[in-house]
Amino acid sequence: MDDSYLAKAFHYCLIEILLHHQSNFARLKRMQVDGILDRHFVHAASIMLGLMKYYVRTYGCQMNVADSNEMGRHLQARGIMQTEDSDDATVLLVNTCTVRQHAEDRAFSEIGRLKKWKALKPGRKVVVTGCAAERTKEYLEDRFPHIDLVVGAKSIEDFGTLVEGLLERRPEADDLDYATPSTSDKVSAFVTIMRGCNYSCTYCIVPYVRGRESYHPMEQVLAEVRDRVREGAREITLLGQTVNSYHRDGNRGKGTDFADLLEAVGAVEGVERVRFISPHPYYMTDRVIQAMADVPEVCEALHLPVQSGSTVMLKKMQRNYTREGYLELIRKLRRSMPEMTISTDVIVGFPGESDTDFRETLSLIEEVGFDFGFVFKYSPRVGTPAAELEGFPEELIEERHQECLSLMESIAAKKRQRWTGTVQDVLIEEEGFGRTRGNAKVAVQGNARVGETVPVMIARAEKSTFGHWRKL
Ligand code: SAM
Ligand code: SF4
């Protein structure tokens, strides 16, 4: 038996003994055992005992939230537990977004502030990930030397290996913490089914920072769904940039498409509800609509980004559908699922948008009668074709934004009233709050348990997005 074997065996025995006696590990750094208990050991021991914690801050869309969860699982697999308090954390992960300039600016000022956070405790690590990290890796490393690791959006799936290198670096002596293991009891879970995007909407940076589409095999998706259910999920949201294009290109799916996937996910034991985001109107085929109507677990709620109500603008944006095509699709969906709630994304102030084009967007919002909608001010993204075009003054974009937003909100407020006095199945997601199948968040009075689905009488649907509802 050589020395290194003995040293290793000793490390493990010591950990066992300390665990058994519930030792105070904060004192470990002051201990010396014949030189064997070095910093590396303390680091390994702190990881093994869940003493290191990570804190994650996520900017942007649900894809980013899902990526943060995935990176969190990689860290947890290495014994590093999540904390809700950044003061307790050793690893701070900032998952960035670059879809609009505003999101990127917010993430960068946060990263700047982390210099102080890092200096407060030796051994702390700053990890920056996501779409802005992909786009501006060199700039980030230059401007913020306190960053320890940058992982771009295209490399999220390699996060486990990349972060390993960082954690193997020996920490400073003070790199110790206490942690309570976090339990993953989320009732509603995201499952990524594809990455990247094969579209090239002229305003959008996503294809540049996330690359071309790649699909997770059906078996992998189903295994993940089962994992989430085991952890307490009752509702699964399938994620992808054009989620309903799943396996449509080529034969990579061995015959499975998005409709098949909806059916298979709905059939997993323990799954009560299935949602998906973001579908592209082009791939909203009759087969997908039929599957939505036929699979009882698929909720009657659809977020279907339209971007503009003007066919001229849609062409300039390269969206691959017309105003009429979108409206026809909505009619089909409503024929098939009359109770369906429909929400959308709209961009105002895209270069060249005339007053007539803008009015067409307003009239489309009225004609569809969206239940909810995000209205975005166009934000030029360097490298995209639209960024080369002449833009509008900020005041005009602001004016259109206000007008469009108040129309969207007033229509949504009216539509919410149709729920008042009805009874809805509400899945309780956290104490006092749940969600209807139509995706309205509900304040629930009564003592329904988290994870339970209960019938709730809608007392009133307030002006804000959330209704205030009472349990029967
Ligand atoms: N893949 C989804 C689709 O095609 O509908 C959308 C993904 S994108 C991350 C989310 C939303 O951001 C888009 O629907 C669009 O409204 C908005 N968006 C994207 N690029 C934008 C830009 N340059 N300026 C303003 N809004 C933008
Ligand atoms: Fe961006 Fe268009 Fe792809 Fe959506 S479909 S991610 S808007 S390029």
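Every number in this text was worked out from the coordinates using simple rules, so none of it is lab data. Since the model is a prediction, treat every value here as computed from it, not as a measurement. Cβ sites come from the backbone with ideal geometry, for glycine too, and all protein chains shown count toward neighbours.
Applying the Karplus relation 6.51 cos²θ - 1.76 cosθ + 1.60 with θ = phi - 60° to region 364-370 yields 3J(HN,Hα) values of 5, 4, 5, 5, 6, x, 5 Hz, where x marks Gly and Pro.
What FRET efficiency, computed as 1/(1 + (r/R0)^6) with R0 = 41 Å and r the Cβ-Cβ distance, is obtained for GLU394 and GLN62, rounded to the nearest 0.05? It would help to have the intermediate numbers written out before the result.
Numbers: r = 28 Å, r/R0 = 0.69.
With a Förster radius of 41 Å, E is 0.90.
In the calculated pair-distance distribution of region 370-472, the portion above 24 angstrom amounts to 43 percent of the Cα-Cα pairs. Is the shape of region 258-411 rounded, prolate or oblate, going by the alpha carbon gyration tensor and its root eigenvalues a ≥ b ≥ c, with a/c under 1.5 for rounded and a/b larger than b/c for prolate? Prolate shape, in that a/c is at least 1.5 and a/b is the bigger ratio.
Ranked by how many other Cβ atoms sit within 10 Å of their own Cβ, fewest first, the residues THR136, THR202, THR422 fall in the order THR422, THR202, THR136. Its relative contact order, with pairs defined as Cα atoms under 8 Å and 6+ residues apart, puts region 309-417 at 30 percent. Backbone phi angles across region 342-351, fed through the Karplus curve with coefficients 6.51, -1.76 and 1.60 (θ = phi - 60°), yield HN-Hα couplings of 10, 10, 7, 10, 10, 10, 10, x, 5, x Hz in residue order; Gly and Pro are listed as x. Note on region 365-472: with charges restricted to the Cβ of Lys and Arg (+1) and Asp and Glu (-1), its dipole about the Cα centre is near 820 debye.
Once the C-beta distance of ASP355 and LYS116 is scaled by a Förster radius of 56 Å, the resulting FRET efficiency is 0.70 to the nearest 0.05.
The label-point distance for ARG418 and GLN402, in a model that sets each label 7 Å from Cα toward Cβ, rounds to 3.1 nm.
Please work out whether region 107-168 counts as rounded, prolate or oblate from its C-alpha gyration tensor, where a ≥ b ≥ c are the square roots of the eigenvalues and a/c under 1.5 means rounded, while otherwise a/b larger than b/c means prolate and anything else oblate? If you can, show how the numbers build up before the last one.
Working: a/c = 2.28, a/b = 1.19, b/c = 1.92.
Oblate, since a/c reaches 1.5 and b/c is not below a/b.
With each label modelled as a point 7 angstrom along the Cα→C-beta vector, the GLU409-SER109 pair spans 2.2 nm. Exceedance of the 29 Å cut-off in Cα-Cα distance is limited, within the set LYS377/LYS415; LYS332/LYS414; LYS115/LYS137; LYS116/LYS137; LYS125/LYS377; LYS154/LYS186, to LYS125/LYS377. Once backbone amide H atoms are built at 1.01 Å from N, VAL298 has VAL274 as its partners under 5 Å, excluding neighbours fewer than 5 places away on the same chain. Summary of packing: across the peptides 207-213, 344-350, the per-residue average of other C-beta atoms within 10 Å ranks them, highest first, as 344-350, 207-213.
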